[in-house]
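Here the structure is laid out as structure tokens; the discussion comes afterwards.
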Amino acid sequence: MSGLAGAEHGAGASNGAGQGAGAGRLAAALGRIGPHAQGLLWVALGALFAAFLLPPAARLPALGLAFALASLAALACLAPRAPDAAIGGTAGADPQDRRAPAPDSPSADAPFLESLPVAFLRLRPDGHVLSANMHARRLLAHSMNGEVNLVSLLEGLGRPLRDWLSDAAEGRGLRRGELVRARRGDRERWLQITLEREHSGEDVVLCAVLLDATELRSLQAQFTQGQKMQAIGQLAGGVAHDFNNLLTAISGHCDLLLLRRDEGDPDFADLQQIHQNANRAASLVSQLLAFSRKQTLRPRILDLRETISDLTHLLQRLTGERVRLTFLHDHDLAPVRADPRQIEQVIMNLVVNARDAIGGAGDIRIETRNLVLEGQIERDRAVVPAGSYVQVTGADTGCGIPPERLAKVFEPFFTTKRHGEGTGLGLSTAYGIVKQSGGFIFADSRPGEGSAFHIYLPATRALPPRPRVAPPGVGGKAGLTPRVTGRILLVEDEAPVRAFAARALRLCGHEVLEADSGERALELLADPEVMADLFVTDVVMPGLGGPEWVRAARRTRPGIPVIFISGYAEESAGIPDEDRQEADFLPKPFSLLALTERVAARLAAACPDMQAGRKTDAD
């Protein structure tokens, strides 16, 4: 009896003990394949085990390596063997005893194939399955009893599976993995299939190795989605920057015109319309920046009950009389740290989206409650760490969202509304704001049962500040009555923005020096007789940017305060931390009042001697 027969005999003798029989069959299977295939199999299993110990970001290459090694190992098992190493025989065995069985006859290799650690099956070029081992049956969720065609179980991507099998039978596309989708009712499963030809007499039989590529496909989808979102975010941020420059010039010059007209002027109403539409456009740009997560947030400690309460009247006007809007709050709600304006934007977007989903009479519920997660939760490719959160839920009784669309609701420009009725930025804006605030947002919905959006914001122990009462006289044109004036160096490459800002500052009594680039600003400051009390500069300009020329100027003129202005968010404008700590930031588009008040406050803080009478309107 050969060593292989002895191993098989020993396994059969201990058939009553399942573990002993399994070990015997595995030992027999490993004895039937060559050392190279054995090595590949063990390395593939090690790589597969290591892949699941790695973090998700590093899992993709490890899984790809494991799949490739397993495919090569399985194909190596099918490689022709020398006569003295033929399966089931000896060097002196009759060659007639090693003839391949007919395709439909029971194979002598069935026990060996059944013990392979990978899913393996044999099939005809038309897809008819001849045999399949245990792993293949489990992977395909099919018993393989009776006539089974692989084409009915799998779906090719980009080309029919039948065409690929025909090409493989003719020797094309062998040993190259193809990704297919398994038609299973319980959940979506992706498989990677590698084919090899096996000649059985005059017939061609295909050998297929099947690997579960669901995890690999999921990682690929996450990587692709991340790249797409990053590309669109960069595009949105660039468009928002250019658009903010235009809006600054439009709204700024409109403010200058409004200064010279009162409500009785025939042009006053037209100018107000221009101003209002400029503000609406600025709101749209803010949504683009929120989606790209490049907006400037001004977070503070909030009580969400007060924030939502301030919105109640506006939300009721948005929903109309046929929709009932209710609010439920935890009586001891924890505070959060967020930008109140952006949180208001999120709530408004959710309510407007719910109103459109209802399309008539219905209910919208806004609920806040404390939530403590004892352990992390994984959902929708996101991991929510353990900790204390404030959960905000916006639920409606609308039409619901089909499952195939639910995964896309946070994508930019995706909308289920008719053409012209929606921008597709509402939910993506909410997603961007929540993520930039350090939170998470998820959606639950069933067609005909409504939808619910759940927001998780990290809770904080700090207490919200008490509201301060504004001093009398603040507002209107108060910013045009400066407490202090000075000499200002204004550096801006966009001529319309520079013209508006210079006129606004001169109206307040400031002396303004203008430069269209950082290089020109340094040329002006090279003259020792040119003095400046404040730098107001754009951040991103051709040539020297704002931080670069300011750093060069401060080598000879230290201590001069700076106000950076930019259409980008402060975090993404490229301002170094050391420069950001010693400067103010004014985002575009800014109004005439915002500019003049910021300049007056900066001069007053940096030059207290001016308040003593160095240069004031009182002198």
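Brief remarks on what is shown
- Listed values for region 524-530 are Karplus-derived 3J(HN,Hα) couplings in whole Hz (6.51 cos²θ - 1.76 cosθ + 1.60, θ = phi - 60°), namely 5, 6, 5, 7, x, 7, 7, and x replaces Gly and Pro.
- Using heavy atoms of the protein chains and a probe of 1.4 Å, the accessible area assigned to Cys399 is about 80 Å².
- Note on Arg381 and Arg503: the extension gain reaches 38.8 nm, defined as 0.36 nm multiplied by sequence separation minus the Cα-Cα distance.
- Amide H to amide H, with H built 1.01 Å from N, Asp265 comes under 5 Å of no residue 5 or more places away or on another chain.
- Percentage relative contact order, region 334-409, counting C-alpha pairs under 8 Å, at least six apart: 34 percent
- Peptides 534-540, 331-337, 266-272 ordered by packing proxy, namely the average of other Cβ atoms within 10 Å per residue, highest first: 534-540, 331-337, 266-272.
- Rounded to whole Hz, the Karplus (6.51, -1.76, 1.60) HN-Hα couplings of region 245-255, x for glycine and proline: 4, 5, 5, 4, 5, 5, 5, x, 5, 5, 4
- A 1.4 Å probe, protein heavy atoms only, puts the accessible area of Phe243 near 80 Å².
- For a label point 7 Å along the Cα-to-beta-carbon line of Glu321, residues of region 352-367 with backbone N under 16 Å: 360-362
- Dimensionless Rg/Rh of region 110-210 - Kirkwood Rh, Rg from C-alpha atoms: 0.93
- Inter-label distance for Asp163 and Asn145, nm, one decimal - labels placed 7 Å from Cα along Cα-to-Cβ: 3.6 nm
- Beta bridges per DSSP with both ends in region 275-398, % antiparallel, nearest 5: 70 percent
- Ranked from largest to smallest solvent-accessible area, with a 1.4 Å probe on the protein heavy atoms, Glu344, Glu321, Glu523, Glu374 come out as Glu321, Glu374, Glu523, Glu344.
The values are calculated or read from the model by the stated rules, or taken from the named source; none is laboratory data. Since the model is a prediction, treat every value here as computed from it, not as a measurement. All Cβ positions, glycine included, derive from the backbone under ideal geometry; neighbour counts span all protein chains shown. Surface accessibility is based on the protein's heavy atoms, side chains included, excluding ligands, DNA and RNA. Shrake-Rupley method; radii C 1.70, N 1.55, O 1.52, S 1.80 Å.
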